[in-house]
Every structure is written in structure tokens, then in C-alpha cells.
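Notes follow once the structure below has been shown.
Just so it is clear, none of the values below were taken in a lab; they were calculated from the coordinates. Just so it is clear, the structure is predicted and the values come from calculations on it, not from any experiment. All Cβ positions, glycine included, derive from the backbone under ideal geometry; neighbour counts span all protein chains shown.
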Amino acid sequence: MSDPLNSANRLSFNNTEGGLFCSYTNKNGSKVAAGLRRIFPNQGVRTVQSIELIASGPNEGAIICQTPGVFSINCGELPSGRTADQDGIAGVWYAENGDIVLDAPSGTIRILAENIELISTGNPDDGKGNVSISADATFRSDSDRVKIEAGDVCSMNGENEINLNSTNKISYTGELKADEGHDLGTIFSSLGAGSKTPLQWKKVFKKLKDIV
């Protein structure tokens, strides 16, 4: 795709394997100041191998990298600020504004390290500071210990069932309230059983009366 406004500035240095191309427009309609590109002998490759410096258009100020193979970054032999207690900084990806997205629609994203920290610093009053995890299938956790603390309320809900298992013991501290039979259809099968107080049974029957 040519750029008639920049035709006078268009310049390229290339051979049959690759080249440096200046002042052209890419398929997204962005003007590229300079692009380093490999010339693939195989026309069946759909993704180019290139680095583009975007000058204007939809992606102004961006650097766009593409490759049909592995994109590998190796660093950290001499990390900055390394001390006896700190490992130093080997890599930084800083976004002043906006989101950072890691997307692998047909693969798995793995994060491997001695320690992994997820830190959210937003203001709760603005609806920020959250860490959200959503899984269409099983959420698995396998570790030596699990510690969950909440400053206000800690809630756990299972649509069908919640199992708490221990090969040794289960301990709890504080007041315990067991409220059984939320399903009104189980009133008659469990009447007189469980841990409901007379006041709780009164509320259950009131609820049933209001529904009927």
C-alpha cells in the first residue's frame, strides 16, 4: 500500500533476504517512519518478520514488532542495583497510562520465578485496587500453605457444595452461626432437625407465608 503524500521521501535499502524501508504506510493505515523487515522466500508465511516505528496514523508513536516464530528476550546477567538482599532489576515494562494485555488464545501463559507478587495499588473508594481471577473451568491451587486475610469480610460461596477437609483437624475462632435449610422445599423434611433456633424457624415460616 503506497502513501502518495510521502512518495518523495520513500526510501529502501534491501536485498533478497531483508531490508530497511523508510516512509511508507502499513496495512493498518499508519505512516511508518522506518521499518526493518525480512523478505520471506516462502509466500505461505502469513505474518511478516518486522519492526516498525510508527510516525502517524492510528498507532502514532508506537513500535510494532511481528514474527511468525518465537519472540525471545534474554537479559539480566548484570542486573541493576543488585545487593546481598535484593536481586536487582533485570527488566522493566512500564506503561504510564492504559492497560498491558498478555493474550494467548490458543496457548498457556506461564510466569516462573522464585517469588511471584501481584500488587494492586488503586483506591478502593474509586473501585480500584482489585485483583480479579476468572476461570471457565477449575481454579487450582497447590502450595505448602494458604493464607487469606480480609480487613472486613471474607466470603466463600459454592453454588452446589463447599467441602472443608483435613486429615488432622479443623479449627475456627469466633462466634459460629449455622443456618440450614435455605431452600424452603426442605422445611418439612428437616423440621425439628439441624441447628435452627425457634426464632430462625419463625423467620423461615414467615418467608414461606410471604411467598405463598
*Quote to one decimal, in nm, the extra length available between GLU77 and ALA95 on full extension: 0.36 nm per residue of separation minus the C-alpha distance between them.*
4.1 nm
_With just the Cα atoms defining each centre, how far is the stretch 94-151 from the stretch 15-54? Give it in Å._
35
*How high is the relative contact order of the chain, in percent, with contacts defined as C-alpha pairs under 8 Å that are six or more residues apart?*
7
*Two-decimal Rg to Rh for the chain - Kirkwood Rh, Cα set*: 1.18
_Unit charges on C-beta of K, R, D, E only; dipole of the chain, Debye_ = 580
*asked:* Need the full-extension length gain, SER12 to ASN42, defined as separation in residues times 0.36 nm minus the C-alpha distance. One decimal, nm.
replied: 8.7 nm
*Select from GLY158, GLY127, GLY44 the residue whose mean-square fluctuation is largest in a Gaussian network model of the chain (Cα-Cα springs shorter than 10 Å).*
GLY158
*Name the long-range amide H neighbours of GLY18: under 5 Å, sequence gap of 5 or more, or other chain; modelled H, no Pro or chain starts.*
ILE39
*Which FRET efficiency value, to the nearest 0.05, do you get for ASN168 and ARG140 by plugging their Cβ-Cβ distance into 1/(1 + (r/R0)^6) with R0 = 35 Å?*
0.95
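Give me the extension gain from ALA104 to VAL70: residue separation times 0.36 nm, minus the current Cα-Cα distance, reported in nm with one decimal.
Between ALA104 and VAL70, full extension yields an extra 10.9 nm.
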_Spin-label pair LEU53/ILE148, simplified geometry with 7 Å Cα→Cβ offset, distance in nm_ = 5.1
*Rounded to whole Hz, the Karplus (6.51, -1.76, 1.60) HN-Hα couplings of the stretch 161-171, x for glycine and proline*: 7, 10, 10, 10, 10, 8, 7, 10, 8, 10, 10
*Going through the stretch 21-102, which trypsin sites (Lys or Arg not before Pro) have at most 16 other Cβ atoms within 10 Å and a DSSP loop state?*
LYS27, ARG46, ARG82
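Among the listed pairs LYS177/LYS206; LYS169/LYS206; LYS128/LYS169, give every one whose C-alpha distance is greater than 29 Å.
Table pairs above 29 Å Cα-Cα are LYS169/LYS206; LYS128/LYS169.
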*Return the long-range amide H neighbours of VAL32 (sequence gap of 5 or more, or a different chain), with a cut-off of under 5 Å between placed amide H atoms.*
TYR24, THR25, ASN26, ALA55
*Looking only at chymotrypsin sites (Phe, Trp or Tyr not before Pro) in DSSP loops with at most 14 other Cβ atoms within 10 Å, what is the longest site-free stretch of the chain?*
1-70
*Can you list the aspartates and glutamates whose alpha carbon is less than 17 Å from that of LYS207, not counting same-chain residues fewer than 8 positions off?*
ASP179, GLU180, ASP183
